[in-house]
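Structure record follows, encoded as structure tokens.
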Amino acid sequence: MFRVDGYKSKNVSIKGLKMDFKKINLDTEHTNTNYPPSKNKKVSVDYSKLREWDFKLLSNFKPFYAPLCNLCCLCTYGKCDLSKNKKGGCGINLEKQQARIVLLACCIGASTHAAHARHIVDHILEENPNLKINYGNAINIVAPLSTTITGITPKTADDLDKILVYVEREITNLLAATHTGQEGSYLDFESKALHTGMIDNLALEIAELAQINYYNLHKGEPNTPLIDIGLGVIDDQKPIILCIGHNIAPGVEIIDYIDDMDLSEDIEVCGLCCTAIDISRYSKESKIVGPISRQLMFIKSGIPDIVVLDEQCIRADILELCAEQNIPIIATSDKCSLGLIEMTSKDENIIIHELLSNKHKGALIKDMAKVGKVAVGLALLLKKNQKPKQEHGSIDISELINGCTECEWCNRVCPAMLPIKEAFVLGKNGDLSGFSALYGMCVGCGKCMEECERELPIIDIIRIASKDKIASERFKIRAGRGPIQDIEIRKVGAPIVLGDIPGVIALAGCSNYHNGENEIALITEEFLKRGYIVVAAGCVAMDIGLYMDKDGKTLYEKFSGDFDKGGILNVGPCVANAHAIGSAIKIANIFAKIPLENNFTNVADYILNRVGACVIAWGAMSQKAVAIATGANRWGIPAVVGPHSSKYRRLYLGESELREITDKRTNEKVKCEPAPLHLIYCAESMNECMAMVAKSCIRPNDTPKGRLIKLTHYVDIYKKYYGCLPDDLHLYIRNEREIPYEDKKEILKFLKEKEWNPRNAPNEPSIL
């Protein structure tokens, strides 16, 4: 306490002054950052402004609905027939119902990622509440999504918790809108779906910030180690612990315990799905079995000695599958408990004894440290006591193949429409090549076996027929690098915005491909050769690693890991999709100096009109995938999805004609090319996907040189796969300087037929 009762000088007279210095903050940690400390700062988001932005988007990109059926069965008024303009008992029509279903799917996806983030953040708050959030000296903009959406740049675990509370509150409100007798506008349902997608993206960033900082994962290093991937890299002579899911925590405890006991040479730890990517970020000694499509086949092989589950992308029949192979399961999350008895409070030796004696098929253990001890101890004892496993190809499958009645139900129910019956026909003549060809194309759903009238183990037949392929399945994937460095953005910001680098392509989603996993690698290779930047995360990052070119190199070995022209980046698991979106936000901030804090609409408007970014979700399957893509859409990033994604029921489609846009410099409305043409588009083939992606990277802000480069790729891809010029080319050529040189004569003739006239480009394009 400082007190002055009375003071008088020539210029100043003070009487009764009291000053109380309770606490002086001498923390200088934030002096070198663009953003103020977030202490005592509350999350402040104006949804009404975001809704206005959504309606502007939806005025250019109309929702297109593709119902799977015309019924609504969500309440006891139903089932209600909504066909032929009928309304349901609550007053809802088919258009609103489809919008509601999409919102519901986005809410499921967002809540999954939010729950993942909550688990990690709560663990940090319990174990290390003073953890500082940063990405090291190379990255100053650590949380572009959080800063732009909430106004908070998280510096501590408390900040992560504060933002996550906002995420959870929003998901609750959004889910409430899907209740019977609630929202009554399809446009507001769509606005809420876009909001849910953005909230999902925010949850991705929180989860990624938390796990990278807590587990000290890679913080933006371009040249991360190359990790083994593929069924052939697993040493089945050792005890094998298989981790499945998306949460890094159990895998880390297993790896740490193995290191503590000096057992790294004696035991094999491998992963499936995003957990595989995460544990390989933590330890280069771990191995990656592969993406979600490998789950059923690897479990049925009986190779794992023990399976540890965390959360997300786990087969609902995993307990039965493992029980068939006498593989005990350790579940670690309330979100996936499988009816197992909780043994968290039991001594680890007792748990091991009960599982070893087959008293239980598995156990639910929520103490991660105990999971590590039990998993390692049990795996060692199981390997010691087990009988030798049958070799992959030792089962005679000829009798099984001859049992096929050729009813074709396997073909009918296969989501990838694979020629399974035809493989049986060949197999009856002793030719297993048909089954071997299915390996790598099968998405691992097992629907063929469920429909087979003879109950034939078709997945096992494919696996055994492909034993040589599997044994040689040894590939390389670069470990997840995490965020994009600020210096990388500074280097490429101008070339991307001006069009010299033709685009940034973000690969997301699952492995539900309609024509095999190699297609996504071929798409990726096409754009890498053309100088696009490709950013991959999750299962698709693994699928790319399961492809070799004619020289025997994977794309990760062949191309740079830098965020630069022709670079391919594995940024990490599904939650690392936040880095791909974050790179577009960073371009707006670092290159264009657009403030981020609470400035979503201006940042998104800049990305939509100036940053040539596009998402490809070629194998999208889960609700998480639709939430990620819808969130990207709200940021102004278009997405091209695979044929199966029509089952999500909704697209955002634009008109293939000149579009009215605002020139912010003159405040005038001008006619502009439809760029991007669509916000979310379902392509029917790999060829259509590549052509649409090249077009989706065109932006109104392109310089003449940049537009020339982008149109050169668009025209070249279109002619390569379709043999002609694109029919809408005239919409994207503003003057003759932008006409690709190689095809100029042909294009000039085409433009004359279209009665094309040159036009001026807007100085500062905007839809605001």
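The values are calculated or read from the model by the stated rules, or taken from the named source; none is laboratory data. These figures come from a predicted structure and were not determined experimentally. All Cβ positions, even for glycine, are placed from backbone atoms using ideal geometry, and neighbour counts span all protein chains on display. Accessible surface is based on the protein model in full, side chains and every heavy atom, while ligands, DNA and RNA are left aside. Shrake-Rupley method; radii C 1.70, N 1.55, O 1.52, S 1.80 Å.
Taking 1.002 mPa s as the viscosity and 20 °C as the temperature, the Stokes-Einstein diffusion coefficient of segment 202-272 based on its alpha-carbon Kirkwood radius rounds to 151 µm²/s.
Each Lys and Arg Cβ is given +1 and each Asp and Glu Cβ -1; about its Cα centre, the chain then shows a dipole of about 2780 debye. Name the residue farthest towards the positive end of the dipole of segment 415-534 from the options 496, 443, 426, assuming +1 on Cβ of Lys and Arg, -1 on Cβ of Asp and Glu, about the Cα centre. My answer, from the dipole projection, is 496. Of 604, 768, 552, which is farthest along the charge dipole of the chain in the positive direction, counting Lys and Arg as +1 and Asp and Glu as -1 at C-beta? Among 604, 768, 552, the one farthest towards the positive end of the dipole of the chain is 768.
Accessible area per residue for the chain is 41 Å², calculated with a 1.4 Å probe on protein heavy atoms, without ligands, DNA or RNA. Tell me which DSSP H helices of the chain clear both cut-offs, 24 Å or more of axial length from alpha-carbon atoms and a mean Kyte-Doolittle hydropathy of at least -0.5. TM-like helix candidates: 94-127, 157-176, 186-214, 368-385. For the listed residue pairs 132/491; 219/469; 550/754; 219/720; 558/749; 624/695, the alpha carbons are over 31 angstrom apart in 219/469; 550/754; 219/720; 558/749. Does segment 262-316 classify as rounded, prolate or oblate by the C-alpha gyration tensor (a ≥ b ≥ c root eigenvalues; a/c under 1.5 gives rounded; else a/b over b/c gives prolate, otherwise oblate)? Oblate shape, in that a/c is at least 1.5 and b/c is the bigger or equal ratio. Can you list the residues of segment 459-492 with backbone N under 19 Å from a point 7 Å past the Cα of residue 428, pointing along Cα to Cβ? So the set is 459, 461-462. Distances between every pair of Cα atoms in segment 206-362, grouped in 5 Å steps from 0 to the bin holding the largest one, split as 1, 9, 18, 22, 22, 15, 8, 3, 1, 0 percent.
A straight chain from residue 671 to residue 49 at 0.36 nm per residue would run longer than the Cα-Cα distance by 221.4 nm. Overall, the accessible surface of the chain at a probe of 1.4 angstrom is composed of carbon and sulfur to the extent of 49 percent. As a calculated quantity, the FRET efficiency between residue 59 and residue 405 at R0 = 51 Å, using C-beta atoms, amounts to about 0.40.
Using R0 = 25 Å, the C-beta based FRET efficiency linking residue 529 and residue 646 works out to 0.25. Dividing the mean sequence gap of close Cα pairs (under 8 Å, 6+ apart) by how many residues the chain holds gives a relative contact order of 14 percent. Here r is the Cβ-Cβ distance between residue 454 and residue 221 and R0 is 41 Å; the resulting FRET efficiency, rounded to 0.05, is 0.20. Residue 180 exposes around 40 Å² of accessible area when a 1.4 Å probe is run over every protein chain in place. Over the Cα atoms of segment 424-568, each weighted equally, I'd like the Debye log10 I(q)/I(0) at q = 0.16 Å⁻¹, rounded to two decimals. Debye curve over Cα of segment 424-568, log10 I(q)/I(0) at q = 0.16 Å⁻¹: -0.90. About the centre of its Cα atoms, segment 75-122 shows a dipole size close to 280 debye [charges on the beta carbon of Lys, Arg (+1) and Asp, Glu (-1) only; nearest 20 debye]. Restricting the calculation to alpha carbons of segment 467-526 gives Rg and Dmax of 16.5, 50 angstrom.
One chain, two ends: residue 359 and residue 763. Fully extended at 0.36 nm per residue, the span grows by 138.2 nm beyond their Cα-Cα distance.
For residue 158, the solvent-accessible surface with a 1.4 Å probe is about 90 Å², rounded to the nearest 10. The fraction of Cα-Cα pairs per 5 angstrom bin, counted from 0 for segment 660-768, comes to 2, 12, 22, 23, 20, 13, 6, 2, 0 percent, rounded to whole percents.
Round to a whole angstrom and tell me the spacing of the C-alpha centers of segment 590-622 and segment 630-676. If you average the Cα positions of each part, the centres end up 12 Å apart. The Rg/Rh ratio for segment 128-249 is 1.10, where Rg is the radius of gyration of the alpha carbons and Rh is the Kirkwood radius. For the pair segment 101-153 and segment 433-457, the centres of their Cα atoms are 39 angstrom apart.
Against the empirical curve 2.2 N^0.38 Å, the C-alpha radius of gyration of segment 578-690 lands at a ratio of 1.14.
Modelled this way, with points 7 Å down the Cα-to-C-beta line, the labels at residue 337 and residue 560 are 5.2 nm from one another. Between segment 313-378 and segment 59-84, the C-alpha centres lie 41 angstrom from each other.
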